[in-house]
Every structure is written in structure tokens, then in C-alpha cells.
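Encoded as C-alpha cells, the structure appears first; notes follow it.
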Amino acid sequence: MRRLRPAGDAGELPTVTFGSKSLMWWGTLGFIVIEGWTMALLVVSYFYIRQNYETWPPLRTPYPSLVIPSINVVVMLVSCVPAYIVSNAAKRLDEPAVKRWLVVQSIAVVPTVVLRWWELWAINTRWDTTAYGSAAWTIVGFHTSLLVLDVVDTLGLTLFYFIRPMPVRSFSDTVDNSNYWYFTVALWIAIYLIVYVGPRII
Amino acid sequence: MTPRDENRTLPADVTLADEELEREASRLDAVWQTKRGLWGWLTTVDHKEIGRRYLVTTFLMFIAGGIEAAFMRTQLMRPGNTLLGPDKYNQLFTTHGTTMMFLFAVPIMTAMGIYFVPLMVGARSIAFPRLNAFGYWTYVVAVVFLYVSLFANTAPDVGWFAYVPLSGPQYSPGHRVDVWAQVVTFTEIAALVAAVNIIVTVFKMRAPGMSLNRVPLFVWAQLVVSFMIVFAMPSVATGSTLMLATDRAINMHWFNPAEGGDALLWQHIFWFFGHPEVYIIFLPALGFITPIVETFSRRKVFGYTALVMSNITTAFFSFGLWVHHMFATPIPELGQSLFTAASMLIAIPTGIQIFCWLATIWSGRPELRTPMLFVLGFFFTFVNGGITGVMLASVAFDKQAHDTFFVVAHLHYVLIGGGVMPLFGAFYFWFPKITGRMLSETMGKVNFWLFVIGVNVAFFPMHVLGLNGMPRRVYTYLPETGWGPLNLVATLGAYAIAVSVVVFIANVIRSLRRAPDAGPNPWDSSGLEWAVSSPPPPYNFVHTPIATSRHPLWDTAIDLPVITGLRSDRREVLLTTAFDARPESRHYHPADSIWPVYLAGCMAVVFIGSIFSPYFVLGGLGLSLIGLAGWGWTGAQDRERERVQVHQSIVDTA
Amino acid sequence: MRRILCAAIVACSLAVACEREERRLNQSSPNGPAVFVAQVPLQPGPTLVTDTAEGPFDDNAYGTSEGQQLFEQMNCSGCHGNGGGAMGPALMDDEWTYGSLPNQIFASIAEGRANGMPSWKYKLTNQQIWELVAYVRSLSGLTPKSPRPAREDHMMVKPAPNQTPNAKPKNTGLPGASQRP
Amino acid sequence: MQIQSALDAASLQARSIEHLWWWMFGVGGAIWLAVIAAMFFALRAARGRRGSDDLQHVPAESHKGLERVVSGAVIITVLVLTAFLVADYGVGRALAAHPSRALTIEVIGHQWWWEVQYDDTNPSRRLVTANEIHIPTGEQVQLKLSAADVIHSFWVPNLQGKRDLIPGYTTTHWIKADKPGTYRGQCAEFCGLQHAKMALHVVAESPSQFRAWFAQASTPNNPPSDSTSLYGQRVFLTAGCSVCHTIGGTTAQATIGPSLTHFKSRATIAAGTLANTRENVEGWIANPQAIKPGTRMPAVPLKPAELTALVSYLETLK
């Protein structure tokens, strides 16, 4: 064994950090990249399939309806506001505010999942009729899984805050939860444009 | 605060007294030690424990795949052999390919990373230990699922590439292909979490002073490969889980030409993953080579920067070659030529690496210990595979060689030469670190010679067979084709490989029965992992070392500068800045937990169940909610003692 | 511990999987054409199950899918549609003029029935007919779900253009389920 | 019959690929030898200075030398690769060249046999056969490739590289034989149980012989004369053979299995698996699964007398 020469002391370093200083932020980023990339591949496949058709959507298939999806886009954008406030409060370690606004955020995100059910049907064709239907359903379906994941995460977090005092570092996790929500919303806007609005244009 | 400032405040000649270290060590032991018994075994999050299991399981898979290969070679030993019928043969060659690619090659490389990256970067643990355990258990699910299926006559029988429409609902009835699709899904999950884990560990947990230009090449390779995994694996996951499985289970039309689906889409999706896959196996192996070459040439590697750059460029190029697996399909000529160019281009960085190692050996003091021998075996075998690879990049020639035994020869030369040989070298090199025991040199040399001879005898004739028109994936062939003799030779070579692997296993067993004899640094090597006892304690380092150069143990002759002050009354790791590794914060490290294995179980219910009924999916997700809650459930451990840093201001929450 | 678990899994999956996954390739029947007597549902030949309620391929995936292929090749769709029925009766509903038991359907195929169903006993081997039986019964969900073939690689019958989107999907894993009346 | 091999070229295309191969083999082999030689030299002795720390230290000038050597090696690699690229491109151009109009043959891959159709403006004159492609020597023949079920790959190594047959796609391929002969080919894309026994033969004949064969093949056989073959024909039409097979000039017109119109004129049966001899045919009909497990040809139950009669009828289909 070599002899160890103390050349520095870490005792004074912080134990809870925010943003890119915290591990969880990096982990979240990693999974954002993976999921975003998967979605990108699905979208590429969607356009690959599109080459096999003269018309898009295929003959005798109606355009996807826009009403519900548009409403949901609005709801999601709105829900970003409480998310933003929560993450700021968390950075201030302002526990009461975090709790308050987490409740608001939870109330804001739940409807998106409910609307998602009709959004699937707003594609206006079944997944097992044409490859077009399959592509659209797969894309929206995959985003649904991300959506549900994050909603569950938000609800759980809220619950925990009310059940018992949370460790300080969970304020940092709360910030990351908001970041993940921004990602989910941004991804959905892209999908909304491609899957619902797209067929009317291309 | 940087090490340098501290050096000023602390007198340089003070070293920590042994008894003080022992006291600290025992305190850390109490905190980091995994519990004994089954519960401890299920709940451990120690990256070395997980890594060791990973290594053992993946090696078992190597043996399983080898046994399948032995069966296949025996079947092909002579024309019209009747040992295996087409049905069994197809299941075996598919299981062989799936096992070797998904259950052996990729996971064993990540396993090496999981075990050694934290040690090499001087960290006490890995970034996300529970995620790490979860990844391992998911992988175990894949292993059990595939092999249970094999014995239940439900093994996939459409090749590890599972081309549609053959693998589609109409031409692959039953659940054999579903098994393949889900096994792939599990391995993708495992690979992805491991990749994220390694990336974050390398970026945030390096020892102070280990700026990116001091990172060991082993770690560089692991980092680069982890990024490749992040971008390659989602592709096959998309194909198998979101397209093939849904086509088969709920009548989607991704691949049904009559409804606008497309059979070629699968090939693009699959090979966009499938080609980087080869480099995902190959680059970590190159990472093993550098420290071995350095240690047994007794000099620092020649061209560190060049080696790092080649790693990165290889990773980039490897995503631009997938179409060279599809030259026989209707793809525009121009596109093909572009992919030819790319496929040839990638030979350059690989060449650079080989030249650099040769230069290192040339200008060093070579010692032919077993690990070094395997590296030489790598040169001998892999260069051959690389050259045939360049040949196959040519569209014209590929139209003859594609899907023949020429390709079988090429890919085994690349994967065994470029992957397995360095791996064996790595086994011999790091086995002492993992177990505290040396492996026998004599048996190692027997192992090496049998292996290198076996590989070349088994696979070289296949080049000729391919050129003589023998296609791949045939369960038999007619006598008049004249392929008999060379196939016989190849089979004998395969047996030689089997014997050499048996020798290796015997060697391992032999040394495990002996008393520990290795000591911390048996090879007098230079990496930080050799600074700790063998096997390393659960907390890796009593005090986080400071990396003063690329070869800390060679450059700091006696004293190893360390950072003190990490708490020893709870699990705590040191985080440093991403690029120049300046100490940044102390991070709470989670305790052992049952939820990783529980959640892996839920994943099993979800994905295996999805084959049979959607209710399993819902049920499994429901169950996993409990797991997620348990995972996220954390009390307010000593809140008042936390030091919080928001932006730049440090707040005490006392 | 884990070994025991594995053993358990192996045991049960062996039990369920073997029958389903077995590739039972066409066996050779003894010489002499299979002769049937219409009134008696008994047939000679090694692979036949006659008096039980279950056909030899009802829970065999490969047999069922071979039956599916024969169904196309023998142009059964010419009269029966893709099972939806046209000139001939539908095979997806649960009305069976001549009974839905395997041996009854076997008899219908082998002997032919009034109003145009031809006799196949001199055209197909017993095994092929049994494979057809398995497929035909799978169409209306009379066979276990797991060995059933999913969609075929050909045109699906498209639903009406104005198909109501909020209709709950009744996806039965059957080909062309959406066209069910 | 020629041993199927890419190194026994019998056509322009195959020959240019073969030349490319031998060239690449020479260069590649040389490179391999060079690397291995360098490796052994590198091992020969310790170089550099042994430092107090027991490590080798390389003096600056020899380090420079190493750098020069390594960069030289890299440059050579780049040059060789460029040469490969150019060579490949040249050969690619050579392969791409083909006439504007030519004899066109449709090849359709089935599990596990090849359907062959000679294009003709008049559908009735369209010649349909299986597993054996007759082509005139010395001229480029266009193949239109498509698949009936799964992906197959058309590959006759002595004549040309391979091309996939993909459901939903029709791909074209050009082959040409310089000298008369029979060239064996085999499916090269894994296509299921009997991928191993899905072979075909390309029979190259002088144009005159080809025209003769074509004329003969396009005319239906005259009906059987002797009683045995007449009985055999009746067996064929009643025992179920006619459900899958076509025989020109009879009521058997099904296209599920290979057309048997000129069965006896082919050299092999079961997609190039067995020689077309009487015993083999009898064995094949009696129990195909023994020869090609999984083949779609069922074991039709026949009495010995019926079997022999059937085979003697098939023997008349010249």
C-alpha cells in the first residue's frame, strides 16, 4: 500500500446542488436524449412509410381531427407555468411555495392524460387498418408513455411532500421534474405538428 | 477550492498514519458493507458486486453460445448430416447469434465498465447504483427468458437479425419471434441504463485533477461506447418493441407491403443499430489493450491523443455505414458508393490505433505475459478481419460475398479477434484485482495457443467456403457442392476453441481455490484501480485520490496525494466538474434497496406478458407503481447538516 | 433459490409451449387414399383425432398457420371472403350450419356440403384438412388464442371511411377483425 | 455441372468481380504480412532507455522517428483505401452496363423453390417453368426478381453477384454466360426451414440450341399413349397433384407448386436437391418430408401401383 498524503479537504463542499452540478440533472438529461432520439427515429420511419403512398393520409382515410389535440397543446403549455414556479421555489428552498404550486401543477397535468385518450382516436383511423395508422398510433402511443410517466412522477412527488419532510436534495429533484415536463411538452408540440397538422400540409 | 491551493495550506510531507487509516476504513466498512445472506444479495448496489455478477453471467452466456456453436459445427461437419433438423438448427443459430451479440458481447463490455470505471476514475461508487442494479436484473430476465424458451422449443428461429416478413406474424407463427423481440427489449434497457450510468460517472465523479486529457484510455473507450449505445440501442428497441412486436401482437402494418408497410424499413432500422453494435463491442476491447500494452512494454502509451481521437472518430463513422449490410437490396447506386467510402474510411482510425500500439511495443521493453500474448493474438487475428472488412465494403465484391460463409469468417475474425481476445487478455490482467488471486501463467499460455490456433483453423477455411458459394444459415449442404472437407476442418478448429475455453475455466477454478497472492498491484501497472487492495473494499478508496498525471501510480513514486473530508458516517461520494475535474460537491449515495430487483420483475411481467395479453401490461405497470414509490421514498436524513449550494451562494440549512 | 425458480418456469412453459410451438411437418400417411364415409366422422390415418372435441392442430401454431396458407391457396376466400363470408357462409360468426366441432368441420371440408361447398378429400391430405380445420376454427375464436396467427401479409379490408373514431377498438387478434359485421 | 464458385467466373460480370477480389487479396495479404512482421520486430528487443523508475524512456529524437513512421503508415493506409475505392467504382461501372432491350425472365421466389417465367407480349405464349433457367450464351439477359412470401436472394456465383427478392419490390438483375454450361445457384437470404435446399440451375446454351429448347418447351406434350402413363395421368388429376401443379395440355392448371409441363426435361427435382431419376421421383412423392423436412409438398397417400404409374406418366413429360 502506498502512503496517502492529504492534499485537500472536501469537508466544506456543499452536499446539495442544483442544475448541472447535481447527478440527477445529468441522469434526467440522459433519458431525455434517449427518449427524444427514439421519437426522432419513429418520426423518420413515419416519413419513410409516407413514401409508399400517393396521398397522405391514404385514400378513404380522413384527416386527423384537430380540436382535442389543439386543446391539449394549450393545456400543456399552461401547465408549464406552475412547473416553472415550482422549480423557482425549489431553488429558493421555499418549501411552502413548492408544496402549494406542486398541487397546482398536479391539477394542471392530470387533464393532459385524460385528453390523450380522445387524442388517440382523433387520429381518425385504427392502427390495424394501414401502415399510416400504425405509424401515427405508435408515435402518439410512445409519447403517451412518457406523458404518463411524468404525470405519475409529479403526483408522487407532491404526495411525498405532504406525507413527511423531504430531504433537502429532493428540492433539486423537483427542479429536474419540471425540466422533464418542459421536454415532454416540447416533444408533444413537435408531434402535434407532424401527426395532426402535418397530413393537411404534406 | 482546488488541490493546488490545498497543497499550499498543508505541508507536503505529512502522510496519514496507518492506524488512522484503519479506523477510517472500519467506519466506512460499517456504512458501505453489503448485508450478508440472500437479502443482502438481492439488495446490494455495490458496483463491484453487480459488475462481478455481470461478468459471471455474461461469461456463462459465452459458454452457452459456444455450446450452440459446437452443435452447429458438428451438424455441418459433413454434407447431409442428420444430427439436427432444420427446425432445431434454425433455433440454435438464432440463439447463438442473439446470445453472443445481446447477452454476451455487449453486456460483458459494459460489465467491465461497471466494475472498473469508478475504480479507474478514483470514485467511491458509480453514479446511479440502484439503476445499475436494476439494469443487471433486467439483463438476468432476458437471459432466463431466452434459455427457458430454448428448452421449451420456443427459441426464435429467424436469425439474430429477424428480417421481416419472415419474422412477421404470417411466416413465424407462435411466440418464437416474440421471445426474440422481448429479449432484445430487455437487453436494450440494461445497456441504456449502464451507458447513462457510465457517462455520468465519468463526467461528474472523476478524481480531482483527472482532467479529460488525463482520463485513462480504458475509460475513454467506455465513455465513447456509452454515447454510441445511447444513440444506437434506441433504434433496435424501436424496431423490435414498437414495430415488430406490435405488428405481431396487435396487427399493426409497419412491415406489411400490401398496406403501405415496408420490409426494407426493418433492415434500415436494424442495421442502423446493428453496425454501431460491432464497434460497441470492439471499442471497449481496444480500451483493454492500452493498459496491457503499457504495462508489459514498461512505457507510457505512444500517441495518447491520437488514440482518443480515433476512438471518437470511429464512433462517429460507425453510424454512417449501415447500408453496407444491404448492398443486395434495391438501393440507389450512388448511395451505395457513399457508404462504401464511409466503410473504408473507418479503417483509418482503427489503423492509427494499431500503429500506435505497435510503436509503443517497439520502443518499449516487451514482456510476453499471458495478457500481452492475447494482445498479440489480437493483432494477428483482427488485422485479418479488418482487411476482409475493407474488401466487403466494396459493393461489387460484396454482391458475391454477402450472406456467404466469407462474411461468417469476417465477422468472427473481427469479433473474436477484436473483442474476445482482448477480453481474455483483460481477464488475465484484472482477475487479480477482482479476486486477489493470480491466474496460472502456464495454463494461460496453453489457453492462448489453443485459442489462437483454434480460431484461425475454424474460421479461415470459411473465407474459401464463402467464395466457393456456400451461403450462410444453411442447416446442411449437398455432397456435390464439394464443401465437405473445409467444413470438417472448420469443425475441428471449433473443438480446439472449446478445449481452450475449458482450460481457462480450469485455470480460474484452480486459482480460486488458492490463498490470495496478488497484492494491490501485481503487474506494477499505472492506473488508480491498482492503488487499492485486491479485491477492493466496498467503498473503493478510504480517501479520494488526486490524479496528478495520466499514470498516477507511475508518476507518484511513493506518496499518493488524497482529498480528505468525505463523511464516513454515511455513504457519500465526491463530485467534480465535468471537464477539469475540480472538486465541486459531496453527493449522498443511496443505501441498498430491494426495489431494483422488484422493478426488474415488473418489467418482466410487462414485456413477457405483452406477448400473451394486454392485461399483463396493465398489471405489471400497476405493480411497478409500488416499486417507483418505494424507490423515490426517502426520509429527511439529517436535514440540518446539509450544505446547500444554489448557483454560487452556499446556504446552511441548519 | 434462483435455480428453483428457473426450474419452475421451465416446467410450466415446457408444458404450455411444446404443443403450441412444435413444427409438426407433414407426415407421410400409409399408402392408399383416405376413404371417408359421410355419415361416420371417423377417418383412418396416423395423425387423426376424430372423436375428441379437439382437432390435432387446434393449439398448434404452425399447423394453424399452414391452414391459413391453404385457405388462401385453395381460394376458400373465393366463397367465404377472408372469413367474413360472401357466396359461402361467414366463418367468423358463431353460426355453424353443420356444427363447429373439429370433426364436423373436417367432414364439411372433406365431404363437401350442399349449395356449392366442394369435397376436398381427394385433393388434400388428411393432415392438410386438419390444418384447415384449425385455421377455420381459429377465425371464430374456437381455438386457444396464443397459437392463432395474427394478421396476414395482405390487404386488410378497410373500415368505412367515416369510421367513428370513438368506437372502442375490438381487437381480437384476428385478421381483419375490423371488418366484422 | 459446374461447382458453384465465385472464383470460377463464366461471365464478364463475375470475371471483373473475380479480378477485383484477387487484386484486393494480394494487396490485403501484403498489408497483413507487413503488420505482423512489424509486430515481431517490435517484440524482438527492448529499445529506449531504462529509467530509475524501471520504465522505458524514449529519447526525443527516436520519438520523432516513431511519429514519422506511424504517420507514414497512416498515409499508406489512406492511399491503399483510395485505390480500393477507385477499383470498386470501376468494377461497379462495368457491372452496371447493359443493353436497352434484352430477353427478360421473371424469377419469383417461393418457400422453397423458384418460379421462372419468360416474358412475352402474348400471355398465352408466356413460358412458365421452375428451378431451371435456360439462357442463350453471349447475350445479357434481364431478370425481374420478386418474392411471393418472404425475402430470398438470387445468386449464381459463376455468373453474377446476388440480388435480393423482396416482397413489395421488383428488382432487376442482369446475367450473361460466355460459354455453354450448367451453373448452380442457391438462395442466399435466410428464408425459413428449407433455405438450405432452395437451389436453381442456369443452363446456358448456344442461341440456336436455346431457341430449339424454347420452342420445344412452349409446346404442350402430346397426350400419353401407353396404358400405364394414361393411368398415371388419371392418378395425377384425381389424387390431388393437380391441386397445386400445372401440366400443360391437361386440366391441371394450378400455380401453387412448380409447373410440371416439361418435368422430365429438367435435370433435378425439389429445387435442385435430387437428380431427376425415376427412383428419386418415386421416393420424393412417397415421402417428401424425408428429403426436405418442412416442404409444402404433402405426402400424398398412393398405392404402389398408382405411384409407379404416376411416375411413368411424369417420365413422359419431356
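The values are calculated or read from the model by the stated rules, or taken from the named source; none is laboratory data. The structure displayed is predicted, hence computed values, not measured ones. A quick note on method: Cβ atoms are made from the backbone with ideal geometry, for glycine too, and the neighbour counts reach across all protein chains shown.
Within the group D:VAL281, D:VAL203, which residue is in a strand (DSSP E or B), out of contact with any Gly (no Cβ under 6 Å at 6 or more places or on another chain) and more than 13 Å from every other protein chain (Cβ to nearest Cβ)? Just a single option satisfies the conditions, and that option is D:VAL203.
Does any residue of the stretch A:33-51 turn out to be more than 7 Å from chain B (Cβ to nearest Cβ), more than 30 Å from B:VAL196 (Cβ to Cβ) and outside any loop (DSSP other than H, G, I, E, B)? Looking for residues that are more than 7 Å from chain B (Cβ to nearest Cβ), more than 30 Å from B:VAL196 (Cβ to Cβ) and outside any loop (DSSP other than H, G, I, E, B), one finds at least one in the stretch A:33-51, hence yes.
Of the residues making up the stretch B:244-253, just one is within 26 Å of the chain's Cα centre (by Cα) and crowded, with 24+ Cβ neighbours inside 10 Å, namely B:LEU244. Count of the stretch D:247-265 residues, restricted to those that are surrounded by 19 or more Cβ atoms within 10 Å (Cβ to Cβ) and at pLDDT 90 or above, is 8.
If we only count strands (runs of 3 or more DSSP E) wholly inside the stretch D:117-163, which ones have 1 or more residues that are within 15 Å of D:ALA271 (Cα to Cα)?
On the way: elements: D:127-130, D:132-136, D:141-147, D:152-154.
Hits in the stretch D:117-163: D:127-130, D:132-136, D:152-154.
Scanning the stretch A:77-130 for residues that are part of a loop (DSSP other than H, G, I, E, B) and of a type outside the set (Phe, Trp, Tyr) returns A:ARG92, A:LEU93, A:ASP94, A:ALA122, A:ILE123, A:ASN124, A:THR125, A:ARG126, A:ASP128, A:THR129, A:THR130.
State all residues of the stretch B:477-526 that are of a type in the set (Val, Ile, Thr) and at pLDDT 95 or above; if no residue qualifies, say none. Show your work before the answer.
So in the stretch B:477-526, the residues of a type in the set (Val, Ile, Thr) come out as B:481, B:489, B:491, B:497, B:499, B:501-503, B:505, B:508-509.
Those that are of a type in the set (Val, Ile, Thr) and at pLDDT 95 or above: B:VAL489, B:THR491, B:ILE497, B:VAL499, B:VAL501, B:VAL502, B:VAL503, B:ILE505, B:VAL508, B:ILE509.
Does the stretch D:261-270 contain any residue that is within 9 Å of another protein chain (Cβ to nearest Cβ) and among the small types (Gly, Ala, Ser)? Taking every residue of the stretch D:261-270 in turn, none turns out to be within 9 Å of another protein chain (Cβ to nearest Cβ) and among the small types (Gly, Ala, Ser). For the stretch D:64-99, residues that are within 9 Å of chain B (Cβ to nearest Cβ) and among the charged types (D, E, K, R) total 2.
Condition check ((1) surrounded by 14 or more Cβ atoms within 10 Å (Cβ to Cβ); (2) in contact (Cβ under 8 Å) with a residue 12 or more places away in the chain; (3) more than 7 Å from chain B (Cβ to nearest Cβ); (4) closer than 23 Å to B:VAL464 by Cα) across all residues:
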site	(1), (2), (3), (4)
D:TRP21	yes, yes, no, yes
D:ARG44	no, no, yes, no
D:ARG47	yes, yes, no, no
D:LEU55	yes, no, no, no
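Only one of A:SER145, A:SER170 is facing chain B (nearest Cβ under 10 Å), farther than 18 Å from A:GLY198 by Cα, within 15 Å of the chain's Cα centre (by Cα) and assigned to a helix (DSSP H, G or I); which?
None of the others qualify; the one that does is A:SER145.
The helices (runs of 4 or more DSSP H) found wholly in the stretch B:100-211 and carrying at least 3 residues that are of a type in the set (D, E, K, R) occupy B:176-204.
Does B:ALA237 satisfy being within 12 Å of chain D (Cβ to nearest Cβ) and of a type outside the set (Ser, Thr, Tyr)? Break it down stepwise before answering.
Numbers: within 12 Å of chain D (Cβ to nearest Cβ): no; of a type outside the set (Ser, Thr, Tyr): yes.
The answer is no for B:ALA237.
If the condition is being more than 22 Å from B:GLY335 (Cβ to Cβ) and either away from chain D (no Cβ under 14 Å) or not in a helix (DSSP H, G or I) (or both), then the stretch B:262-290 contributes B:ILE280, B:ILE281, B:PHE282, B:LEU283, B:PRO284, B:ALA285, B:LEU286, B:GLY287, B:PHE288, B:THR290.
Given the condition within 10 Å of chain D (Cβ to nearest Cβ) and surrounded by fewer than 24 Cβ atoms within 10 Å (Cβ to Cβ), answer yes or no: does some residue in the stretch B:314-327 qualify? Walk me through it before giving the result.
Taking the stretch B:314-327 first, the residues within 10 Å of chain D (Cβ to nearest Cβ) are B:326-327.
Filter once more, keeping what is surrounded by fewer than 24 Cβ atoms within 10 Å (Cβ to Cβ): B:326.
Among the residues of the stretch B:314-327, at least one is within 10 Å of chain D (Cβ to nearest Cβ) and surrounded by fewer than 24 Cβ atoms within 10 Å (Cβ to Cβ), which makes the answer yes.
Filtered by the rule that a residue be modelled with pLDDT of 85 or more, more than 12 Å from chain D (Cβ to nearest Cβ) and on the phi > 0 side of the Ramachandran plot, the stretch C:67-115 gives a lone residue, C:GLY112.
Here B:LEU376 fulfils each of the conditions (1) over 25 Å from D:GLY185 (Cα atoms); (2) within 10 Å of chain D (Cβ to nearest Cβ); (3) part of a loop (DSSP other than H, G, I, E, B); (4) not β-branched (Val, Ile, Thr) apart from (3).
Among the residues of the stretch D:176-195, those identified as buried (at least 24 other Cβ atoms within 10 Å of the Cβ) and hydrophobic (A, V, I, L, M, F, W, C) are D:ALA177, D:CYS187, D:ALA188, D:PHE190, D:CYS191.
So, A:ALA7, is that one over 21 Å from the mean Cα position of the chain (by Cα), within 10 Å of chain B (Cβ to nearest Cβ), outside any loop (DSSP other than H, G, I, E, B) and buried (at least 19 other Cβ atoms within 10 Å of the Cβ) or not?
Numbers: over 21 Å from the mean Cα position of the chain (by Cα): yes; within 10 Å of chain B (Cβ to nearest Cβ): yes; outside any loop (DSSP other than H, G, I, E, B): yes; buried (at least 19 other Cβ atoms within 10 Å of the Cβ): yes.
Judged against the criteria, A:ALA7 is a match.
Per-residue answers, yes or no, for (1) farther than 30 Å from B:THR185 by Cβ; (2) part of a strand (DSSP E or B); (3) in contact with an Asp or Glu (Cβ under 8 Å, 6 or more places away or on another chain):
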site	(1), (2), (3)
B:LEU560	yes, yes, no
B:VAL573	yes, yes, no
B:ALA578	yes, no, no
B:GLU584	yes, yes, no
B:SER593	no, no, no
B:LEU599	no, no, no
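Name the residues in the stretch A:79-93 that are within 20 Å of A:PRO165 (Cβ to Cβ) and either surrounded by 15 or more Cβ atoms within 10 Å (Cβ to Cβ) or in contact with a Leu (Cβ under 6 Å, 6 or more places away or on another chain) (or both), would you? Spell out how you get there, then give the answer.
Of all residues in the stretch A:79-93, those within 20 Å of A:PRO165 (Cβ to Cβ) come to A:86-87, A:89-93.
Once the filter is applied, which keeps residues that are within 20 Å of A:PRO165 (Cβ to Cβ) and either surrounded by 15 or more Cβ atoms within 10 Å (Cβ to Cβ) or in contact with a Leu (Cβ under 6 Å, 6 or more places away or on another chain) (or both), the stretch A:79-93 yields A:VAL86, A:SER87, A:ALA89, A:ALA90, A:LYS91, A:LEU93.
Among the residues of the stretch B:124-167, those identified as touching a Lys or Arg at 6+ places or on another chain (Cβ under 7 Å) and surrounded by 24 or more Cβ atoms within 10 Å (Cβ to Cβ) are B:ALA127, B:TYR136, B:THR154, B:ALA155, B:PRO156, B:ASP157.
Taken over the stretch D:171-186, the residue count meeting the criterion of being under 29 Å from B:PRO156 (Cα atoms) and more than 7 Å from chain B (Cβ to nearest Cβ) is 1. Selection within the stretch B:475-514: residues that are assigned to a loop (DSSP other than H, G, I, E, B) and free of Cβ contacts under 8 Å to residues at least 60 places away in the same chain. The member of this set that is nearest to D:GLN4 (Cα to Cα) is B:GLY482. Exactly one condition in (1) over 24 Å from the mean Cα position of the chain (by Cα); (2) in a loop (DSSP other than H, G, I, E, B) is false for B:VAL301; which is it? With (1) over 24 Å from the mean Cα position of the chain (by Cα); (2) in a loop (DSSP other than H, G, I, E, B) applied to B:VAL301, the lone miss is (1). Only a single criterion out of (1) touching a residue at least 12 places away in the same chain (Cβ under 8 Å); (2) surrounded by fewer than 17 Cβ atoms within 10 Å (Cβ to Cβ); (3) over 24 Å from B:TRP631 (Cβ atoms) is not satisfied by A:ALA40, namely (1).
Say whether the condition of being in a loop (DSSP other than H, G, I, E, B), surrounded by fewer than 20 Cβ atoms within 10 Å (Cβ to Cβ) and among the small types (Gly, Ala, Ser) is met by at least one residue in the stretch D:266-273. Within the stretch D:266-273 (the criterion being in a loop (DSSP other than H, G, I, E, B), surrounded by fewer than 20 Cβ atoms within 10 Å (Cβ to Cβ) and among the small types (Gly, Ala, Ser)), the answer is yes, since at least one residue qualifies.
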